[in-house]
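Remarks on the structure that follows.
The values are calculated or read from the model by the stated rules, or taken from the named source; none is laboratory data. Owing to the predicted nature of the structure, the values given are computational and were not obtained by experimental measurement. Virtual Cβ from ideal backbone geometry, glycine too; neighbours counted across all protein chains shown. Keep in mind that these areas ignore ligands, DNA and RNA; they rest on the heavy atoms of the full protein, side chains included. Shrake-Rupley method; radii C 1.70, N 1.55, O 1.52, S 1.80 Å.
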Amino acid sequence: MEVIKNPEVLSVWRKKILNKNTFYTHTVSLCGGTGCQAGSCGTVISAFKKELARNKLEKKVRLRVTGCHGFCEQGPLMIIEPDNIFYCRLSPGDVPEILTQTIKNHKIIERLCYTDPSTQKKCPVESKIPFYAQQSRILIDRNKNTDPSDIEDYIAENGYAALCKSLKMQANDIIQEILKSGLRGRGGGGYPTGKKWQQTAAAAGEKKYIICNADEGDPGAYMDRSILEGNPHSVIEGMMIGAKAIGADEGIIYVRNEYPLAVLHAGIALEQCRNAGLLGKNILGSGFSFDIRIVRGAGAFVSGESSALIASISGKVGEPSPKDVHLSEKGLEQNPTNMNNVETWANIPLIIENGAMWFASRGTERSKGTKIFALTGKIKNTGLVEVAMGTSLKKIIYDIGGGSISGTVKAVQTGGPSGGCLPASKFDLPVDFEALSEAGSMVGSGGMVVMDENTCMVDVARYFLDFLIDESCGKCVPCRIGLSRIREIICRITEGKAEMQDLELLEEISQTVSEASLCALGKTAPNPVLSTIRYFREEYISHIHDKKCPAKVCKSLIKFSISPEICTGCGACKRECPAGAISGEKKQIHNIDQSICTKCGICRETCRLSAISLN
Amino acid sequence: MDNSLMQIIEKFPRSRQNLIPVLQAIQKEQNYLNREAVSAVAEYLGLGVAQVYGAASFYTQFRLKKTGKNIIKICKGTACHVSGADNIIDAVERTLGIRKGETTADGKFSIEEVACLGCCSLAPVLMINDRVYARLVSSEVKKILQSYS
């Protein structure tokens with residue numbers, strides 16, 4: 001790799017790459033993201049390589065192993081260009097046919113195409129699949145054109161053109177452009193990015209830091225991982241532009257240790273940038289010097305909070321500190337520090353390249369651009385979804401997500417453990433920072449977990465409390481003790497031992513925790529409880545008053561029983577029951593001893609005749 | 001003093017910023033952080049043993065006990081929870097006769113609970129060593145575990 005001395009050399013390199021790519025007749029983008037890896041895409045990749053070699057097609061067909069395409073549920077999946085053919089749920093055995101039929105003879109293999117669950121129709125073309133067609137994919141769509149370990153793919157897609165542009169701009173003009181775009185922090189806070197940059201740029205101090213917060217700890221959210229894994233150069237380019245605007249010479253990517261592929265790809269990308277002269281001293285002959293290093297987190301949800309993250313980088317326990325002094329004045333090693341989230345950084349090159357107005361043309365008045373959500377739970381199409389800010393929850397859940405598997409969507413949980421649950425009656429709400437907060441939830445980092453009638457809302461509240469109690473650092477009293485008291489009450493409710501006045505007590509303690517906790521973890525911790533009481537009060541009342549769990553989840557309030565009309569006495573449930581609670585002679589009706597039953601549900605999964613019911 | 005331990009530690013400059021990277025490096029080589037490792041790191045970086053222990057016990061990545069041969073990571077993410085992860089956890093605990101955070105007496109398995117494996121679209125999931133098992137039902141757990149013994 002030659003060292004790029006100025007922007008003109010970069011343009012020449014880009015032309016060479018584009019020219020080289022014209023030699024291929026087909027490009028096959030196979031998703032190698034974490035979701036597809038879990039679905040064994042590795043075996044499909046090796047089968048494809050082997051078949052390409054066997055058919056001597058390596059020089060004609062390019063196999064590109066990319067980051068996440070977003071439709072994780074359908075993995076392993078591939079897109080064949082130039083025809084934009086989409087094949088999903090692949091196995092190694094499908095590969096020879098793909099080469100002989102589709103690549104050599106342009107024939108579509110129906111069996112491998114996606115079936116739209118609402119119409120049962122096959123959709124062979126990626127861009128026509130409703131899941132993709134109804135999104136505004138300006139960030140995540142870049143993944144499918146990029147091998148994250150190959151800088152040339154990023155450069156071919158006009159990568160580092162925005163950097164070249166920004167190197168010719170005055171620092172203040174870059175900041176003004178970001179301000180005008182209306183970009184707000186994608187990590188959850190929604191603070192205007194341009195304003196943050198302005199404050200750090202204005203802060204006194206020779207040494208300044210840029211940090212990329214990739215400590216994505218929300219269970220159920222993985223968009224930051226997918227960007228860093230699938231397109232690390234977009235984040236690096238964003239950080240370079242930010243550094244130039246703020247006057248920083250050192251950057252840090254703080255990434256969760258649970259994301260090994262993101263750590264690996266970001267590391268490779270940084271090395272390639274250094275070799276190409278895109279990081280280091282006197283970048284592209286502009287006189288601007290900047291470098292980035294990776295710091296791996298060690299697994300603590302609270303360390304995603306900015307002051308805790310700084311403590312963690314400094315080798316201390318990752319606890320938050322009171323924010324009387326902002327990071328923009330005294331951050332890492334007491335120097336002005338600017339921290340933004342992965343998705344925020346990835347937006348920067350696009351804004352500089354296409355202009356603030358282009359970015360601001362999407363979204364609502366106060367929330368501009370797009371946001372990626374991780375759509376999961378009881379829904380047909382799960383995966384990463386990128387939509388313009390202001391898109392309604394209805395459109396995301398029904399048009400893109402295809403609605404619930406069981407038929408009815410009861411609620412959607414947004415914003416992770418700090419967010420809340422919104423009922424179906426609120427699905428007309430536009431997804432933007434203010435609208436969701438006013439409704440008692442939040443955009444947060446972008447988790448969106450869909451729940452149906454088999455999800456108990458009291459149990460969901462208990463689940464988030466368990467998580468937050470585990471992750472609370474224990475430094476301040478309201479969070480440490482308040483959350484445990486709230487959990488005790490919630491547990492009493494799920495066990496059918498609570499009284500009606502417990503609801504008021506829950507609300508009272510929640511308010512104290514919100515108001516008096518030190519950091520955002522504690523301040524927002526009662527949200528899951530408060531939002532479920534606000535919208536699903538009748539479910540709480542069923543637990544407390546009628547001693548019933550309407551979703552049939554809370555173990556103390558449910559009972560498994562065998563229907564004598566259906567049971568044939570095959571003995572399958574008796575053999576599988578780990579507690580030995582089922583009795584009955586062969587070919588005789590079986591019976592469950594309620595005093596021994598642990599309510600694990602294995603008997604119900606095992607019975608082929610559906611003779612076991614849950615009451 | 002264990003020589004191999006010092007070799008790992010001395011690769012890092014003596015700066016507090018290296019505390020977590022040093023501990024990560026030791027755990028990668030030695031499976032867990034024992035008392036000797038914690039004291040050696042404290043001495044090397046000029047910190048109190050309590051400060052190093054504080055950090056090691058705060059972050060969930062660090063283990064202070066040796067693990068079994070196969071590490072089972074059970075995802076307790078939101079998507080897994082609403083898809084029935086609790087029943088999967090129960091089935092694993094029942095089959096192995098140990099609780100979360102424990103290791104079987106024969107040293108074959110340890111159970112860890114993790115916040116999110118990021119495979120939310122395939123919920124509920126668990127991971128054994130590097131392999132992910134997706135879209136699980138609790139009646140499958142026994143067979144999966146048997147394939148490791």
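General observations
- Put simply, the Cα atoms of region A:151-360 extend 41, 36, 33 Å along their principal axes, the longest span coming first.
- For a label point 7 Å along the Cα-to-beta-carbon line of A:Ala360, residues of region A:171-201 with backbone N under 11 Å: A:177-183
- Candidate lysines for bridging to A:Lys49, where Cα separation is under 30 Å - those fewer than 8 sequence places away on the same chain excluded: A:Lys15, A:Lys16, A:Lys20, A:Lys59, A:Lys60, A:Lys104, A:Lys107, A:Lys122, A:Lys128, A:Lys144
- Per-bin percent of Cα-Cα distances, the protein assembly as shown [10 Å]: 3, 13, 22, 26, 21, 11, 3, 1, 0
- Backbone phi angles across region B:9-19, fed through the Karplus curve with coefficients 6.51, -1.76 and 1.60 (θ = phi - 60°), yield HN-Hα couplings of 5, 6, 5, 9, x, 6, 9, 4, 4, 8, 4 Hz in residue order; Gly and Pro are listed as x.
- With the simple model of a label 7 Å out from the Cα in the direction of the Cβ, A:Thr22 to A:Ile108 spans 2.9 nm.
- Spin-label model, A:Ser556 to A:Ser289: label points 7 Å out along the Cα-to-beta-carbon direction sit 6.5 nm apart.
- Its Cα gyration tensor gives region B:70-146 an equivalent ellipsoid. The semi-axes, each the square root of 5 times an eigenvalue, are 19, 12, 11 Å from largest down.
- For the residues A:His233, A:His545, A:His326, a 1.4 Å probe over the protein chains yields an accessible-area ranking, largest first, of A:His545, A:His326, A:His233.
- For region A:389-400, backbone phi angles converted through the Karplus equation (6.51, -1.76, 1.60; θ = phi - 60°) give residue-by-residue couplings of 4, x, 5, 6, 4, 4, 5, 5, 6, 8, 6, 8 Hz, Gly and Pro being listed as x.
- Heavy-atom accessible area for A:Val3, with the other protein chains in place and a 1.4 Å probe, reaches approximately 80 Å².
- Alpha-carbon centroid distance for the pair region A:137-198 / region A:283-324, whole angstrom: 20 Å
- Here the label points at B:Ser147 and A:Thr43, each 7 Å from Cα along the C-beta direction, are separated by 0.9 nm in the simple model.
- Cross-link partners of A:Lys244 among aspartates and glutamates (Cα-Cα below 17 Å; sequence separation of 8 or more within a chain): A:Asp173, A:Glu177, A:Glu206, A:Asp291, A:Glu353
- Within the straight-line cut-off of under 23 Å between alpha carbons, the lysines reachable from A:Lys426 are A:Lys368, A:Lys371, A:Lys378, A:Lys380, A:Lys394, A:Lys395, A:Lys410, sequence neighbours fewer than 8 places apart in one chain being disregarded.
- In the assembled protein chains, A:Tyr24 presents an accessible area of approximately 70 Å² (probe radius 1.4 Å).
- Computed [θ] at 222 nm, helices only, for chain A once each DSSP H run of length n ≥ 4 contributes -39500 (n - 2.57): -10000 deg cm²/dmol
- Amide H contacts of A:Gly75 (H built 1.01 Å from N, under 5 Å, at least 5 apart or other chain): A:Arg89
- For chain B, the number of Lys pairs separated by eight or more positions or lying on different chains, with C-alpha atoms closer than 22 Å, is 29.
- Cα-only radius of gyration and Dmax that characterise region A:24-128, units Å: 12.8, 41
- The distance linking region B:34-68 with region A:552-601 is 48 Å (Cα centroid to Cα centroid, whole angstrom).
- Summed buried accessible surface, chains B and A, 1.4 Å probe, nearest 100 Å²: 3600 Å²
- Global form of region A:138-227, assessed from the alpha-carbon gyration tensor, a/c cut-off 1.5: oblate
- Two-site FRET efficiency, B:Lys11 against B:Val137, from Cβ-Cβ distance with R₀ of 41 Å, rounded to 0.05: 0.35
- Relative to the compact-globule estimate of 2.2 N^0.38 Å, the Cα radius of gyration of region A:457-546 comes out at 1.00.
- A quarter of the convex hull surface defined by the alpha-carbon atoms of region A:314-355 gives 4.3 nm² as the mean projection.
- Diffusion coefficient, µm² s⁻¹, Stokes-Einstein with Kirkwood Rh over alpha-carbon pairs of region A:559-614 at 4 °C and 1.567 mPa s: 120 µm²/s
- Subtracting the Cα-Cα distance of A:Glu271 and A:Thr100 from their residue separation scaled by 0.36 nm leaves 57.7 nm.
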